[in-house]
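Novice: This is the structure I want to talk about, given as structure tokens.
What follows draws every value from the coordinates through simple rules; no lab data is involved. What you see is a predicted model; the values in this text were computed from it and never measured. Cβ placement follows ideal geometry from the backbone for every residue including glycine, while neighbour counts extend to all protein chains displayed.
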Amino acid sequence: MTAYDHVMVGANLALLAAQQRRYGWSIVTMSAVAAALPDWDGLTILSGGELYARVHRVWGHNITVASALGAAAGAIGYLVYLRGWWGKIGRLLPSSTTVKSALASSPVFRLSQLATWWVFGTIACLSHLAFDLVYSRHAALTPWPLALLWPFSARTWVYPVVPYGDLGATAIFIVEMFVLCHRPSRATPIAWITMGLVLAYIGLRWQIGAVN
């Protein structure tokens with residue numbers, strides 16, 4: 001799955017639960033960023049292909065690190081939200097009356113709200129692992145597994161359904177972005193339809209792979 005796809009999955013997770021109605025696009029942006037965080041271990045490519053091949057999909061692609069990164073993203077995102085800095089970003093994004101109201105309000109720290117941001121940051125980050133498990137197929141290469149229990153176990157998992165670099169979901173997410181720009185007030189149902197189409201596409205690729 002491309003980095004763009006991961007970001008869009010994270011954003012849609014917040015939209016599915018209509019969190020933009022409570023916090024504006026701030027929590028959507030945080031969730032999108034959190035969904036891309038596990039790929040930090042891909043930066044090891046700067047130290048050479050050997051290290052990259054050994055630690056990518058290991059150091060960042062495990063439940064422990066991903067959960068910690070997601071929770072941290074949620075906490076930082078919430079603190080930024082309380083400061084009002086997200087409002088500057090929100091004014092650059094598609095908005096509706098409900099979202100503008102959320103951005104205009106003066107937020108007050110609440111532990112329950114922090115927990116909400118923690119949860120969405122964590123789920124978004126873990127979604128990266130879930131999709132990478134199935135985006136692992138290639139006609140000429142062996143599947144690239146994930147060490148989900150690292151550093152406690154070296155065991156790996158992979159379910160090669162969709163080929164590396166497949167752009168089917170990407171096309172769906174691009175269409176969604178255009179629709180969101182024109183219908184921001186319908187963001188939640190749009191997100192539900194989009195994620196349904198993405199999952200259906202993965203199911204279709206699974207069927208094609210099973211036949212072949």
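Novice: Which members of the stretch 140-158 meet the condition of being touching a strand residue (DSSP E or B) at 6+ places or on another chain (Cβ under 7 Å) and either more than 11 Å from VAL58 (Cβ to Cβ) or not in a loop (DSSP other than H, G, I, E, B) (or both)?
Specialist: The initial filter retains those residues of the stretch 140-158 that are touching a strand residue (DSSP E or B) at 6+ places or on another chain (Cβ under 7 Å), namely 143-146, 148, 156-158.
Scanning the stretch 140-158 gives PRO143, LEU146, TRP157, VAL158.
Novice: Based on this model, can you work out whether TYR201 counts as part of a helix (DSSP H, G or I) and either of a type in the set (D, E, K, R) or surrounded by fewer than 17 Cβ atoms within 10 Å (Cβ to Cβ) (or both)? If you could, list the steps in order and put the result at the bottom.
Specialist: Numbers: part of a helix (DSSP H, G or I): yes; either of a type in the set (D, E, K, R) or surrounded by fewer than 17 Cβ atoms within 10 Å (Cβ to Cβ) (or both): yes.
Against the criterion (part of a helix (DSSP H, G or I) and either of a type in the set (D, E, K, R) or surrounded by fewer than 17 Cβ atoms within 10 Å (Cβ to Cβ) (or both)), TYR201 qualifies.
Novice: Using the structure shown, decide if TRP192 is buried (at least 18 other Cβ atoms within 10 Å of the Cβ) and either out of contact with any Pro (no Cβ under 8 Å at 6 or more places or on another chain) or charged (D, E, K, R) (or both).
Specialist: Values: buried (at least 18 other Cβ atoms within 10 Å of the Cβ): no; either out of contact with any Pro (no Cβ under 8 Å at 6 or more places or on another chain) or charged (D, E, K, R) (or both): yes.
Spelling it out, it is not the case that TRP192 is buried (at least 18 other Cβ atoms within 10 Å of the Cβ) and either out of contact with any Pro (no Cβ under 8 Å at 6 or more places or on another chain) or charged (D, E, K, R) (or both).
Novice: Just name the residue that is farthest from THR64 (Cα to Cα) out of those in the stretch 134-166 that are in contact (Cβ under 8 Å) with a residue 60 or more places away in the chain and surrounded by fewer than 13 Cβ atoms within 10 Å (Cβ to Cβ).
Specialist: In this case the residue turns out to be GLY165.
Novice: Looking only at residues that are under 21 Å from ILE123 (Cβ atoms) and among the polar types (S, T, N, Q) in the stretch 24-73, which one is farthest from the chain's Cα centre (by Cα)?
Specialist: THR64
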